[in-house]
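Taking it in order: structure first as structure tokens, then the write-up.
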């Protein structure tokens, strides 16, 4: 077989570095030209590389394919063999498989011994050596979304102009619809079935199970940055996020958990749990809840979940359903929310009719025989500081022992997290500590 021609296809890893400002040297027009033909892939977080299709197979057979940017590539025999083999193995579109093959050759190179073998052996070798590259590109295509959604925070952000141009195309139905899709995709991935080619191969099964966890982590990061500045934390959105957090037990419920028992697998699950804790705290918007609240029959502000009694009821049920230590920070934050809601109802002369069922649920009080009963929020706070729960230890452990907050650990452990110790992460945790202190302890 003749060696394939080397072209210059851009990888998604490279695009992510460009958008974060870690790789320079390209003009705005050049970066725009790189992103534009990739919008369809960036939109499709479920199958970004598509599925095998008769149309793409026919293009390969014709000897020439047209890429999304209009570029025409001639296809020789080795291109065709490689693309079909990768498409069949990974169950991706044949043209995407060809681009993947060319990108791999340009960035990694193809061993000469693989090219020298017969077709059957060549495809086996190719699949073996390209699998890590393919999995890396799957992660990178999701990571590209992070700087775009994050850029909304500041016009000075390196990716701000690209976010302004491309996010409306990536999420044409709106960011709320997109975040719902992200949440659903996350939940689907926790129960995903491993590819059939891993059957009977524990090493391959472990590789793909861990990769699936890595994708879940990046989806959680996308959720965080989308909710940080682009999507309002209204009732339906916050309720959906909480339902997923609690149904998956902060990401610990995995269909392929038996392949996540080693150190790397455990670290992946710990990173997911840390992100879930951060995300649940973020969407509770403690700072806004700490200000004036409008709980009336027709709240004037419906961009926050407290304006939705049914959502409050559901979130409360979820929070109270779990007593495990890993839920402690969220439990403590919810105690603050309940305390503020009770104060708001008291200041307005009592809850309106549409909130009555919810307030009947949270007005339970408990106390010792010789002491006055405690309101539920205060009782919850006390439970958080019981030796068995000790949320302070959980809080301290997150800030000092999790790669999410400790950059050194992030680097040493090769964490799958895209970023460590971001200002926004610290802001969320600081908000919890300050609001709990001033609400429950400043007058003691």
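Quick notes
- Residue 364 surrounded by fewer than 21 Cβ atoms within 10 Å (Cβ to Cβ) and at pLDDT 90 or above: no
- Yes/no for residue 95 being closer than 28 Å to residue 160 by Cβ and in a helix (DSSP H, G or I): no
- Residues (over 27 Å from the mean Cα position of the chain (by Cα), over 23 Å from residue 30 (Cβ atoms) and not in a helix (DSSP H, G or I)) located in region 66-92: 74, 75, 76
- Within region 307-330, at least one residue is within 23 Å of residue 214 (Cβ to Cβ) and either out of contact with any strand residue (DSSP E or B) (no Cβ under 8 Å at 6 or more places or on another chain) or part of a loop (DSSP other than H, G, I, E, B) (or both).
To keep it simple, each residue is scored yes or no on (1) surrounded by 14 or more Cβ atoms within 10 Å (Cβ to Cβ); (2) out of contact with any strand residue (DSSP E or B) (no Cβ under 9 Å at 6 or more places or on another chain); (3) assigned by TED's automatic domain parsing to the domain that holds residue 17; (4) closer than 26 Å to residue 196 by Cα.
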{"site": "63", "(1), (2), (3), (4)": "no, no, yes, no"}
{"site": "82", "(1), (2), (3), (4)": "yes, yes, yes, yes"}
{"site": "88", "(1), (2), (3), (4)": "yes, yes, yes, yes"}
{"site": "96", "(1), (2), (3), (4)": "yes, yes, yes, yes"}
{"site": "105", "(1), (2), (3), (4)": "yes, yes, yes, no"}
{"site": "129", "(1), (2), (3), (4)": "yes, yes, yes, yes"}
{"site": "142", "(1), (2), (3), (4)": "yes, yes, no, yes"}
{"site": "152", "(1), (2), (3), (4)": "yes, yes, no, no"}
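- Condition check for residue 417: touching a helix residue (DSSP H, G or I) at 6+ places or on another chain (Cβ under 6 Å) and over 23 Å from residue 339 (Cα atoms): yes
- 3 or more residues exposed (fewer than 15 other Cβ atoms within 10 Å of the Cβ): qualifying helices (runs of 4 or more DSSP H) within region 371-430: 391-401, 407-412
- Positions within region 189-206 being assigned to a helix (DSSP H, G or I), touching a residue at least 60 places away in the same chain (Cβ under 8 Å) and surrounded by fewer than 19 Cβ atoms within 10 Å (Cβ to Cβ), in sequence order: 197
- Scanning region 227-254 for residues that are under 17 Å from residue 273 (Cβ atoms) and part of a loop (DSSP other than H, G, I, E, B) yields a total of 7.
Let's see how each residue does on (1) over 30 Å from residue 216 (Cα atoms); (2) in contact (Cβ under 8 Å) with a residue 60 or more places away in the chain; (3) assigned to a strand (DSSP E or B):
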| position | (1), (2), (3) |
| --- | --- |
| 10 | no, yes, no |
| 21 | no, yes, no |
| 24 | no, no, no |
| 31 | no, yes, no |
| 46 | no, yes, no |
| 52 | no, no, no |
| 56 | no, no, no |
| 61 | yes, no, no |
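- Flag if residue 226 is surrounded by 20 or more Cβ atoms within 10 Å (Cβ to Cβ), touching a residue at least 60 places away in the same chain (Cβ under 8 Å) and assigned by TED's automatic domain parsing to the domain that holds residue 421: yes
Okay, residues lined up against (1) outside the structural domain of residue 433 (by TED's automatic domain parsing); (2) out of contact with any helix residue (DSSP H, G or I) (no Cβ under 9 Å at 6 or more places or on another chain); (3) at pLDDT 95 or above; (4) over 22 Å from residue 424 (Cα atoms):
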{"site": "249", "(1), (2), (3), (4)": "no, no, yes, yes"}
{"site": "276", "(1), (2), (3), (4)": "no, no, yes, no"}
{"site": "285", "(1), (2), (3), (4)": "no, no, yes, no"}
{"site": "299", "(1), (2), (3), (4)": "no, no, no, yes"}
{"site": "304", "(1), (2), (3), (4)": "no, no, no, no"}
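- Hits in region 322-336 (condition: in contact with a helix residue (DSSP H, G or I) (Cβ under 7 Å, 6 or more places away or on another chain) and surrounded by fewer than 20 Cβ atoms within 10 Å (Cβ to Cβ)): 322, 325, 326
The values are calculated or read from the model by the stated rules, or taken from the named source; none is laboratory data. What you see is a predicted model, and the numbers here were worked out from it, not measured in a lab. When we count neighbours, we look across all protein chains shown, and the Cβ atoms used for this are built from the backbone with ideal geometry, even at glycine.
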